[in-house]
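Peer 1: Take this structure first; my questions come after.
The values are calculated or read from the model by the stated rules, or taken from the named source; none is laboratory data. Keep in mind that what you see is a predicted model, and the values were worked out from it rather than measured. Quick reminder, even Gly has a Cβ in these numbers, built from the backbone with ideal geometry, and neighbours come from all protein chains shown.
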Amino acid sequence: MTLLRLLVAGGAILVGVGIVLVTVAMGDCSAFGGTCPRQGGFPDDVFRMAASGGALAVAVPYYLNRPTWRRLAIALGIGIVAGVAIGLFAVSATAG
């Protein structure tokens with residue numbers, strides 16, 4: 001793995017994990033000293049941000065390890081699955 005790919009992969013991990021952590025911290029009902037009204041349905045703002053951060057942190061380093069067209073398709077699939085799992089975790093963590 002070249003130095004540039006290693007730096008980009010490390011940056012993607014840091015940014016992705018940072019997005020997830022900030023989303024969980026800011027999306028929590030007690031984040032600003034108050035409580036959230038009970039939301040009906042699915043809080044998709046928390047889900048989308050956490051899922052995109054999780055997908056970024058997982059898919060980019062996987063692809064950059066050995067970049068090929070086949071590995072890009074696999075990385076997209078892995079990113080979607082990891083993003084959904086991390087998004088659901090974030091929603092349950094912020095539900096309070």
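Peer 1: Are there any pairs with C-beta distances below 7 angstrom linking a residue in region 67-87 that is under 18 Å from ALA9 (Cβ atoms) to a residue that is part of a helix (DSSP H, G or I) and among the polar types (S, T, N, Q), with the two at least 6 apart or on different chains, and if so which?
Peer 2: Within 7 Å, the pairs are GLY83/SER52.
Peer 1: Considering THR35, THR68, which residue is over 11 Å from the mean Cα position of the chain (by Cα), among the polar types (S, T, N, Q) and at pLDDT below 90?
Peer 2: Numbers: THR68 fails: at pLDDT below 90.
None of the others qualify; the one that does is THR35.
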